[in-house]
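Peer 1: Have a look at this one before I ask anything.
The values are calculated or read from the model by the stated rules, or taken from the named source; none is laboratory data. Note that the structure is a prediction, hence the values are computed from the model and not measured. Counting neighbours? That spans all protein chains shown, and the Cβs are built from the backbone with ideal geometry, glycine included. The protein model used for the area step is the full one, side chains on, heavy atoms only, and it has no ligands, DNA or RNA in it. Shrake-Rupley method; radii C 1.70, N 1.55, O 1.52, S 1.80 Å.
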Amino acid sequence: MPLKRGPKSGRSGNYVRSGWCANVSVTSGTIWFSRRDRGPRVIHAFVFHNESLQPIEKVRLSPGQAGLISGWGIFTTVRISRGEAFAYERHWRRLEKDAGVIHLPMTYTAARIRVHLHEVIRANKVTEGCARIYLVYNSVGFWQSAEQRPPVDLIIYSAGLPEHREIVRLALRAHGRHAASPLSGVKTISWLNNVWSIAEANKEGFDEVVMLNERGEVAECTSANIFAVKDGKILTPPLNSGCLEGITRGILLEIAPEAGLSVVENSLRPEDLYSAEEIFISSTNRNLISVGEIAGHPIPAPGPVSQRLNDLFDAYVSEYVSRRLASAAR
């Protein structure tokens, strides 16, 4: 089913900062921006690969890495704040869970990968940004090479934070998620469905895509969870919709009651979104972003609930990072 296209509303909306120009990137499922005098954002200069930190031009991935070719691997994207890996423990728990589902041998410990992650952060002098951790299963499939290789490749790199519109437009795609699949909700490196969907949406002037499952229910966006505010409640699709168990999503479920807000996991259909008082999406790199349109249906934005939750989430990040930095200083 093709993307549902809304009215031609132009693309001049408000941006987070002035002086930026848009460069569409399908590597992350978001619109990336760059300063006119700097060019597009790219992966930073140093990458950790297996046992060592190396300049990116020295890193070699083998054509015989069957997991890389077939997409048998997992990854996570970690927010870096004040040089600290935010919510690392939650990312690790999800990596372990996903590794168990796809039977990927977990040959690394949480502590070891955290050490290597901070090697990357220090080498690239990242204060505010993000990092990706990849685990690629090498010993699967037919097309393998005879060279020496570890059972699982570890790749860690960092980059700057993506910029985005303050209020985004969402397209709609049927059968974007398969909730009944045993791999539903696993964050695998097989990411074609997501990057293809966002690339098609960008052609139509949209910023993200609402992915529906085989039952016609809302699951998530290509790289963000989605929330609807209705009748004083915040609704978000349950995990059995086929959505990813997002890190930011999980934190919001925990902290919203502190602000007197009720978050309920509830099945949603497109018409539930169209009639919502507010819609917002969440992801590690973008916190909370208000939605102003879904497939031609205008949504009031920005809304007071999303702004309040965003402030609460910022405070949570700040407290976590301060705690980690204080612990490291002792």
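Peer 1: Quick check: with the 1.4 Å probe, what order do LYS58, LYS233 take by accessible area, largest first?
Peer 2: So the residues, ranked largest to smallest area, are LYS58, LYS233.
Peer 1: Over all distinct alpha-carbon pairs, what is the Kirkwood Rh of region 148-292 in angstrom? Walk me through the numbers on the way to the answer.
Peer 2: Numbers: mean 1/r = 0.0622 Å⁻¹.
After inverting the mean inverse Cα-Cα distance, the result is 16.1 Å.
Peer 1: How much of the pair distance distribution for the chain lies past 38 Å, counting alpha-carbon pairs only, in percent?
Peer 2: Details: 7348 of 54285 pairs.
More than 38 Å apart: 14 percent of the Cα pairs in the chain.
Peer 1: Hey, another quick one. Taking the chain, how many lysine pairs are there with alpha carbons less than 23 Å apart, if each pair must be eight or more places apart or span two chains?
Peer 2: Going through the chain pair by pair, I get 4.
Peer 1: Ranked highest first by the average count of other Cβ atoms within 10 Å around their residues, in what order do 152-160, 321-329, 199-207 fall?
Peer 2: Numbers: 152-160: 20.4, 321-329: 11.8, 199-207: 18.6.
In descending order of packing, they fall as 152-160, 199-207, 321-329.
Peer 1: Here's something else I'd like to know. Could you order the peptides 113-122, 78-87 from most to least packed, using the average number of other C-beta atoms within 10 Å per residue? Intermediate values should be presented prior to the final figure.
Peer 2: On the way: 113-122: 18.0, 78-87: 21.8.
Taking the mean over residues of other Cβ atoms within 10 Å, the ranking is 78-87, 113-122.
Peer 1: While we're here: Using helices alone, I'd like the mean residue ellipticity at 222 nm for the chain: each DSSP H run of four-plus residues gives -39500 (n - 2.57), total over residue count, nearest 500.
Peer 2: Working: 7 runs with 86 residues, N = 330.
That comes out to -8000 deg cm²/dmol.
Peer 1: When the Kirkwood hydrodynamic radius is evaluated over all pairs of different C-alpha atoms of region 44-136, what value in angstrom, to one decimal, is obtained? Working shown, then result.
Peer 2: Values: mean 1/r = 0.0713 Å⁻¹.
For region 44-136, the Kirkwood estimate is 14.0 Å.
Peer 1: What's the extension gain from ASN193 to ALA329 if we count 0.36 nm per residue and subtract their Cα-Cα distance? Can you show the working numbers first?
Peer 2: Numbers: separation 136, 0.36 × 136 = 48.96 nm, distance 4.34 nm.
Result for the pair: 44.6 nm of gain on full extension.
Peer 1: Quick check on region 221-330: what does the Kirkwood estimate of hydrodynamic radius come out to from the alpha carbon pairs, in Å?
Peer 2: Details: mean 1/r = 0.0686 Å⁻¹.
It works out to 14.6 Å.
Peer 1: If only Cα atoms are counted, what is the Rg of region 82-148, and what is its Dmax, in Å?
Peer 2: Considering region 82-148 through its Cα atoms, Rg and Dmax are 14.5, 44 Å.
Peer 1: Give me D for region 176-256 in µm² s⁻¹, whole number, from Stokes-Einstein with Rh from the Kirkwood sum over alpha-carbon pairs, 10 °C and 1.306 mPa s.
Peer 2: Values: Rh = 13.4 Å.
It comes out at roughly 118 µm²/s.
Peer 1: Give the accessible surface of the chain per residue, rounded to a whole number of Å², with probe radius 1.4 Å and ligands, DNA and RNA excluded. Show your work: numbers first, answer last.
Peer 2: Numbers: 15070 Å² over 330 residues.
I get 46 Å² per residue for this part.
Peer 1: Who wins for biggest fluctuation among SER306, SER62, SER290 in a Gaussian network model of the chain, springs between alpha carbons below 10 Å?
Peer 2: SER62
Peer 1: Still on this structure: Determine ³J(HN,Hα), in whole Hz, for all residues of region 110-119 in sequence, where each value follows from phi through the Karplus function 6.51 cos²θ - 1.76 cosθ + 1.60 and θ = phi - 60°; x replaces Gly and Pro.
Peer 2: 4, 5, 5, 5, 5, 4, 5, 4, 6, 4
Peer 1: Another question, then. Binning at 5 Å from 0, report for region 133-217 what percent of all alpha-carbon pair distances ends up in each bin.
Peer 2: Going from the shortest bin to the longest, the percentages are 3, 10, 14, 17, 16, 15, 12, 7, 4, 1, 0.
Peer 1: Counting Lys and Arg as +1 and Asp and Glu as -1, what is the net charge of the other residues whose Cβ lies under 11 Å from the Cβ of ALA45?
Peer 2: Residues near ALA45 contribute +1 overall.
Peer 1: Under a 10 Å cutoff between Cα atoms, tell me which one of ARG149, ARG112, ARG215 has the largest fluctuation in the Gaussian network model of the chain.
Peer 2: ARG112
Peer 1: With springs connecting C-alpha atoms under 10 Å apart, model the chain as a Gaussian network and identify which of ILE102, ILE294, ILE133 has the largest mean-square fluctuation.
Peer 2: ILE102
Peer 1: Once the piece of chain linking LEU61 and GLU254 is laid out straight, how much longer is it, given 0.36 nm per residue of separation minus the C-alpha distance between them? Working shown, then result.
Peer 2: Details: separation 193, 0.36 × 193 = 69.48 nm, distance 3.96 nm.
The span from LEU61 to GLU254 would gain 65.5 nm if fully extended.
Peer 1: Counting only protein heavy atoms and a 1.4 Å probe, tell me what percentage of the chain's accessible area is made up of carbon and sulfur.
Peer 2: Numbers: 8270 of 15070 Å².
Answer for the chain is 55 percent, counting heavy atoms of protein chains only.
Peer 1: In a solvent-free Debye calculation with one equal scatterer on each Cα, what is log10 I(q)/I(0) for region 208-252 at q = 0.16, 0.27 Å⁻¹, listed in the order of the q values?
Peer 2: Those come out to -0.40, -1.04, one per q.
Peer 1: Mind computing the radius of gyration and Dmax over the alpha-carbon atoms of region 283-330? Å is fine for both.
Peer 2: Here Rg and the maximum Cα pair distance are 15.7, 54 Å.
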